[in-house]
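These notes concern the structure reproduced below.
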Amino acid sequence: MGFPKRDGFDLDIFSSRAYNPDYLENMWVMIRVTAVEFQKKIGLYQDAALSQPVTVTRNGRDRTVVISAEEYHRLKRRDREVLGLDDFTAEDLAAIRDAEAPADAAQFDHEAN
């Protein structure tokens, strides 16, 4: 008895979540594959990366993620410009100093640690 298939892949190469049909139907699942498996079937995983990221592991740890060129360029467009204090006017600095985060932003406080 093999693993069920989804999008042409055996589910044993997906994340280590236990197979749950409802989970898979309602959630996007990232492909996770060892470096050895990736080298053996590079064309397959390159094709898969056109529609979803493919995580390549080495020694059990995430090492690289393969994504489509389109996704890479989308992410690069989202890069932010870094500004120094000299780039702001006194009015800008006052507005930043007096700004308060919305109450629902508190849910992200743990990320500051």
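In the stretch 53-103, the qualifying residues are those that are polar (S, T, N, Q) and surrounded by 11 or more Cβ atoms within 10 Å (Cβ to Cβ), and the one that is farthest from Gln39 (Cα to Cα) is Ser68.
Contact map, the stretch 63-83: residues that are of a type in the set (Ser, Thr, Tyr) paired with residues that are at pLDDT 85 or above, Cβ distance under 8 Å, separation 6+ or inter-chain. Pairs shown: Thr64/Thr55; Thr64/Val56; Ser68/Ala49; Ser68/Leu50; Ser68/Ser51.
The values are calculated or read from the model by the stated rules, or taken from the named source; none is laboratory data. Quick caveat: nothing in here was measured; it's all calculated off a predicted structure. Positions of Cβ are generated from backbone atoms using ideal geometry, with glycine treated the same way; all protein chains shown enter the neighbour counts.
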